Amino acid sequence: QQQVKQSPQSLIVQKGGISIINCAYENTAFDYFPWYQQFPGKGPALLIAIRPDVSEKKEGRFTISFNKSAKQFSLHIMDSQPGDSATYFCAASLYGKLTFGQGTILTVHP
Amino acid sequence: DTGVSQNPRHKITKRGQNVTFRCDPISEHNRLYWYRQTLGQGPEFLTYFQNEAQLEKSRLLSDRFSAERPKGSFSTLEIQRTEQGDSAMYLCASSFEGQGRKLFFGSGTQLSVL
């Protein structure tokens with residue numbers, strides 16, 4: 001029940017395109033859903049997050065869509081840029097403790 | 001730099017040796033977390049502190065692992081009698097209780113056990 005499943009494992013998009021990464025969870029007690037961006041040799045950096053009582057949150061080019069009934073949430077990156085190439089992790093929080101998805105390696109071609 | 005600081009950045013050791021890592025959290029943060037990340041995987045929770053109290057330890061954490069946070073400031077993670085399976089990135093994160101869900105990670109310590 002603590003698992004968070006993330007897909008796809010890897011994603012290639014062209015510059016200016018939309019990147020979409022999906023996650024699903026089982027434990028309905030999770031109370032916060034962040035997305036992290038990680039570059040090689042660095043720790044994960046908080047990108048954007050949402051609470052389960054909100055269906056969508058947008059910050060700049062990044063949008064989280066949240067479907068509580070389906071227990072799914074997704075990250076949309078609009079106008080994807082080569083600098084967005086990184087590994088993205090979804091996570092779910094229970095009392096501040098994060099359970100991470102397996103990660104998606106995003107490559108944005110110029 | 002006011003972010004989470006971890007030292008050393010890299011550690012190479014021989015199997016059976018003990019190693020210790022240090023984490024300095026963001027100064028006003030009272031919660032401190034340790035995670036472990038292996039190649040191609042998401043970070044896995046190991047343990048966390050609120051101030052100096054260690055509140056939870058993962059079942060993944062064997063008896064060879066011990067963490068401390070004296071005086072609720074910096075934290076150390078010690079691995080005794082290292083095994084090759086301990087090779088991983090060890091990440092520290094901190095948060096403020098009032099915003100406990102927003103975790104800020106350090107750059108990690110990459111451990112290689114030969």
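Which one is farthest from the other protein chains (Cβ to nearest Cβ), of the residues in segment A:14-40 that are in a strand (DSSP E or B) and in contact with a helix residue (DSSP H, G or I) (Cβ under 9 Å, 6 or more places away or on another chain)? Per the stated criteria, the residue is A:SER19.
Every test in (1) farther than 19 Å from A:PRO8 by Cα; (2) part of a strand (DSSP E or B); (3) within 14 Å of another protein chain (Cβ to nearest Cβ); (4) of a type outside the set (Val, Ile, Thr) is passed by A:LYS58 save one, and that test is (3).
Which number in (1) assigned to a loop (DSSP other than H, G, I, E, B); (2) within 14 Å of chain A (Cβ to nearest Cβ) marks the one condition that B:PHE49 misses? Checking B:PHE49 against (1) assigned to a loop (DSSP other than H, G, I, E, B); (2) within 14 Å of chain A (Cβ to nearest Cβ), the one that fails is (1). Applying the condition of being in contact with a helix residue (DSSP H, G or I) (Cβ under 9 Å, 6 or more places away or on another chain) and buried (at least 19 other Cβ atoms within 10 Å of the Cβ) to segment B:85-114 and asking which residue is nearest to the other protein chains (Cβ to nearest Cβ) yields B:LEU111.
Within segment A:73-102, the residues that satisfy the criterion of being within 7 Å of another protein chain (Cβ to nearest Cβ) and either without any contact (Cβ under 8 Å) to a residue 60 or more places away in the chain or buried (at least 22 other Cβ atoms within 10 Å of the Cβ) (or both) are A:PHE89, A:GLY96, A:LYS97, A:LEU98, A:PHE100, A:GLY101. Surrounded by 15 or more Cβ atoms within 10 Å (Cβ to Cβ), over 15 Å from the mean Cα position of the chain (by Cα), of a type outside the set (Phe, Trp, Tyr) and modelled with pLDDT of 90 or more: is that true of B:THR82 in this structure? Yes.
Here A:ARG61 fulfils each of the conditions (1) farther than 26 Å from B:CYS92 by Cα; (2) out of contact with any helix residue (DSSP H, G or I) (no Cβ under 9 Å at 6 or more places or on another chain) apart from (2). Part of a loop (DSSP other than H, G, I, E, B), more than 9 Å from chain B (Cβ to nearest Cβ) and touching a Gly at 6+ places or on another chain (Cβ under 6 Å), is that true of A:SER69? Answer is no for this residue. The sole residue among A:LYS42, A:LYS5 that is within 12 Å of A:PHE100 (Cβ to Cβ) and surrounded by fewer than 19 Cβ atoms within 10 Å (Cβ to Cβ) is A:LYS5. Kindly indicate whether A:GLY16 is at positive phi and over 11 Å from the mean Cα position of the chain (by Cα). Considered against the rule, which asks whether it is at positive phi and over 11 Å from the mean Cα position of the chain (by Cα), A:GLY16 comes out as yes. Between A:ARG51, A:ARG61, the distinction of being of a type in the set (Lys, Arg), surrounded by fewer than 16 Cβ atoms within 10 Å (Cβ to Cβ) and modelled with pLDDT of 95 or more belongs to A:ARG61 only. Considering only residues that are in a loop (DSSP other than H, G, I, E, B), farther than 11 Å from B:GLN80 by Cα and not hydrophobic (A, V, I, L, M, F, W, C), which ones fall in segment B:11-30? Those that are in a loop (DSSP other than H, G, I, E, B), farther than 11 Å from B:GLN80 by Cα and not hydrophobic (A, V, I, L, M, F, W, C): B:LYS14, B:PRO25, B:SER27, B:GLU28, B:HIS29, B:ASN30.
Listed by first and then second residue, the pairs with beta-carbon distance under 7 Å, at least 6 apart or on different chains, first residue in segment B:101-114 and over 24 Å from A:SER93 (Cβ atoms), second among the hydrophobic types (A, V, I, L, M, F, W, C) and outside any loop (DSSP other than H, G, I, E, B), are B:GLN110/B:MET89; B:LEU111/B:VAL19; B:LEU111/B:ALA88; B:SER112/B:ILE12; B:LEU114/B:ILE12.
Taken as a whole, the structure leaves B:SER66 outside the set of residues that are more than 14 Å from chain A (Cβ to nearest Cβ), of a type in the set (S, T, N, Q), surrounded by fewer than 21 Cβ atoms within 10 Å (Cβ to Cβ) and assigned to a loop (DSSP other than H, G, I, E, B).
The values are calculated or read from the model by the stated rules, or taken from the named source; none is laboratory data. These numbers were taken from a predicted model, which means no experiment stands behind them. All Cβ positions, even for glycine, are placed from backbone atoms using ideal geometry, and neighbour counts span all protein chains on display.
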